[in-house]
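Worksheet: the structure to be examined is printed underneath.
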Amino acid sequence: MADNPAGPKRKTGFRPEIQGLRAICMMQVLLYHAWHVGSPIGVDAFIMISAYLLTGSLVRRIEKGQIPGLIDRWTQLFKRLLPPLVVTVMGTLGLVLVLLPPARWPELVEQGIASVLYFQNWLLAAQSVDYYAVDPSHLSPLMHLWSMSMQGQVFLLWPLLIIGLGWLSKKYGWRIRPLVITLMTLITVASFTWMMIYRNPRPTDIYFDTRSRLWEFALGSLVALLAIWLPKVAWVRNLVSVVGVGVLVLFALVKIGAYPGPFAILPMAATAFILAGTAPVPVTKTGKKDLRQGNPVIWFLSFKPLVRFGDVSYALYLVHWPIIALYLQVLGKEHLGIFEGLFLLTVSVGLAILMTDLLDDPLRNWSWANRKTVNKSIMVAVSLTVGLLGTFGIRHQVNSYLAQQASAAGSSNDAAGEEAFKEHPGAHIFEMDLKDQKFSALPIPTAGDVADGKQWYGLDEGCAQMPGHENMGAEVLKGCSWNKTQNPEKKVLLVGDSHMEQFAPAIVGAFEKDKTQMQLLLKGGCEYGAHLVPEDELEAEPECRQWSEEVHQWIKSQKPDLVFLISTKSHPDGPDTERPGVLPALRELDEEGLKVVGLRDNPRFAFNMYDCSSARDGEQPGVTLGGCFYPVNKVYAPQMPDQKLRELSAYHAVDLSDQICAGGTCPGIVGNRFVYLDDNHLTVDYALSLRKSFQQRLGQALGE
């Protein structure tokens, strides 16, 4: 995408087939982002092309005895990259403030800052962004800039390494090409090995890890250095490049499993074949014709419309995804139709042409900016200044707005305190006469509380210091927290996924006056009992099954006084059902004589209930029942679906569905408190308001 010699002024040695190859890669990116066609290989091919051009240029200059200045090379690269990037980031953030709910603003502003500073890929990993998420409420319109950040990091590293080797070669009389080949081979092997052995509970982390893609940059560099040794036989080079195009197109249209992964070597090898087969052949004195003449791939990729499309590929990459992502989020859609996609891509191409012709090309070909290193440095400094002043200015405005909103909501650190319930009764509203209720504050939690993670629950600390933790499995220890109670009179375990995590405030509150050791054993997206369900009946990661088995053994060994779990499972497209794996797990706990309390799951929706409710009533003070509403019969069965579980003496049920949904609907706001954090999690603030009703029903269930 970068290092693109597009524009009216073509340099000597311009290779139109490279622009045509960029065009093919860009088409694949558009197909994948618009309609999920194939695998996301287009970006990786861009990565190879940029490294191929950068390395070849640097090594050829060093071989001629002209070692480039490091600062000059850096500024030459970034004076091209930064202006379009800054315009894209600022324009996208402006649209975000207009079109998306305030809860999304802080996260996206931070991504904008990280994009301008070229570390966005690491930020996305830290934010646990799921690149493959289809839920429109989770899409980031800046997410695609991870590749630009990774490319920027390599554009800092590669010149440093190659120019450094250039000085060593000059000092000791070594040949530069073998030195760089050796270095790039080592990087390729190390990076590919890292990609293969990397293990993390969050699988998308590998997607944003620069270390897992350095081999692609290094492979492009190796092609630039080794292509001169490809047999100087026309039909061999033609065949290599034709095979490369065929394989690249194939993998652009079909999915190849986990990506990046081992199969990524195939489309990358195809790109390498194209670059090698179309590479210029050193001029000889034999009088033979140019071996590139007659190459069908060069002829095809040099087609003028393709070359023009390649000219705007950088700008098109920048602008197309914000348009698609914002469209999907505003309309709440998961996929684009054919005509919708074609329209949005047409708009994107038009904007890309304008950005290229009015911004990118004029700045790139400005003679003053290309004259001296200091001029290039000024261009980079101005671009960075504009980008950082703009993004930090937006951050300040966002923080001010969220602070004002929190003040208007009367937001308190203690959402369970008596003062908080006066203006924000939450589930207590069901005990009141609604006609007499008037609240002046805005609903809680505010967008700022949601954005900064305050609505995710946890106990005091991890379990590494808890007595007996040495006998706890590694997977269990990762998601374990406790309230550090010494000499407890009672031990209570809460086990399950993130839904149990969000019910925990209500449960913990029921025991706060007792000397009870509370322990949370959690793993997001993982069913307790998964290890007891055949793989063909329940899709679960190996780490999930391991966690489930370790938790199960821990419970049986510790024999707690009470175990809490979610015994049913809600669905976004139908009524709730019995949760897989719970029945066989409870049969074993029943044999151990343990006492288990099963809670009914909270609803799941096909849309972000917080965003929807915030947009409708988030600025309205005193909302009793409001926000967005969803029919209760679409999320809850007429009765709690746990009939088989009730046959076990160990099992006791608590159903709070009527404290979450009421009057035939499930509101997004109850008692001036937002019920949901997103599309399927309760807010901590609302769960705190469930304490009283939960304690009453727990006593009834246990016969106390």
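The values are calculated or read from the model by the stated rules, or taken from the named source; none is laboratory data. No experiment lies behind these values; they were computed from the predicted model shown. Counting neighbours? That spans all protein chains shown, and the Cβs are built from the backbone with ideal geometry, glycine included.
Here Ser57, Ser50 are screened, and the one residue that is of a type in the set (S, T, N, Q) and under 27 Å from Val386 (Cβ atoms) is Ser50. State whether the residues of the range 535-552 include one that is crowded, with 22+ Cβ neighbours inside 10 Å, at pLDDT 90 or above and touching a strand residue (DSSP E or B) at 6+ places or on another chain (Cβ under 8 Å). For the range 535-552, residues crowded, with 22+ Cβ neighbours inside 10 Å, at pLDDT 90 or above and touching a strand residue (DSSP E or B) at 6+ places or on another chain (Cβ under 8 Å): present. Residues in the range 518-544 that are in contact with a Leu (Cβ under 9 Å, 6 or more places away or on another chain) and not in a loop (DSSP other than H, G, I, E, B): Met518, Gln519, Leu520, Leu521, Leu522, Ala530, Leu532. Within the range 695-702, is there a residue that is in contact (Cβ under 8 Å) with a residue 12 or more places away in the chain and either farther than 29 Å from Glu592 by Cβ or of a type in the set (Lys, Arg) (or both)? Yes - at least one qualifying residue is present in the range 695-702. Pro621 meets the stated requirement of being in contact with a Phe, Trp or Tyr (Cβ under 7 Å, 6 or more places away or on another chain) and either over 18 Å from Arg104 (Cα atoms) or touching a residue at least 60 places away in the same chain (Cβ under 8 Å) (or both). Please determine whether any residue of the range 198-218 is more than 21 Å from Trp122 (Cβ to Cβ) and either of a type in the set (A, V, I, L, M, F, W, C) or touching a Lys or Arg at 6+ places or on another chain (Cβ under 9 Å) (or both). Taking every residue of the range 198-218 in turn, none turns out to be more than 21 Å from Trp122 (Cβ to Cβ) and either of a type in the set (A, V, I, L, M, F, W, C) or touching a Lys or Arg at 6+ places or on another chain (Cβ under 9 Å) (or both). If I go through the range 376-409 residue by residue, how many of them are small (Gly, Ala, Ser), in contact with a Leu (Cβ under 8 Å, 6 or more places away or on another chain) and at pLDDT below 95? The qualifying residues number 2.
For the range 324-373, filtering for residues that are within 16 Å of Tyr32 (Cβ to Cβ) and hydrophobic (A, V, I, L, M, F, W, C) leaves 8.
When you go through Val59, Val87, Val129 one by one, which is the residue that is touching a Ser or Thr at 6+ places or on another chain (Cβ under 8 Å) and in contact (Cβ under 8 Å) with a residue 24 or more places away in the chain? It is Val129. None of Lys79, Lys64 is buried (at least 23 other Cβ atoms within 10 Å of the Cβ) and among the basic types (Lys, Arg) except Lys79.
A Cβ distance below 6 Å, combined with a sequence gap of six or more or placement on separate chains, defines the contacts here; from the range 658-672, residues that are more than 16 Å from Val684 (Cα to Cα) reach residues that are part of a loop (DSSP other than H, G, I, E, B) in the pairs Cys666/Pro603.
Rundown of residues vs (1) surrounded by fewer than 16 Cβ atoms within 10 Å (Cβ to Cβ); (2) under 24 Å from Glu423 (Cβ atoms), yes/no style:
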position	(1), (2)
Gln639	yes, no
Asp642	no, no
Asp655	no, no
Gln659	no, yes
Gly671	no, yes
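Of the listed requirements (1) part of a loop (DSSP other than H, G, I, E, B); (2) touching a residue at least 12 places away in the same chain (Cβ under 8 Å), Val508 misses just one: (1). Residues of the range 97-126 that are under 21 Å from Leu214 (Cα atoms), part of a helix (DSSP H, G or I) and free of Cβ contacts under 8 Å to residues at least 40 places away in the same chain: Ala114, Ser115, Gln120, Leu123, Ala126.
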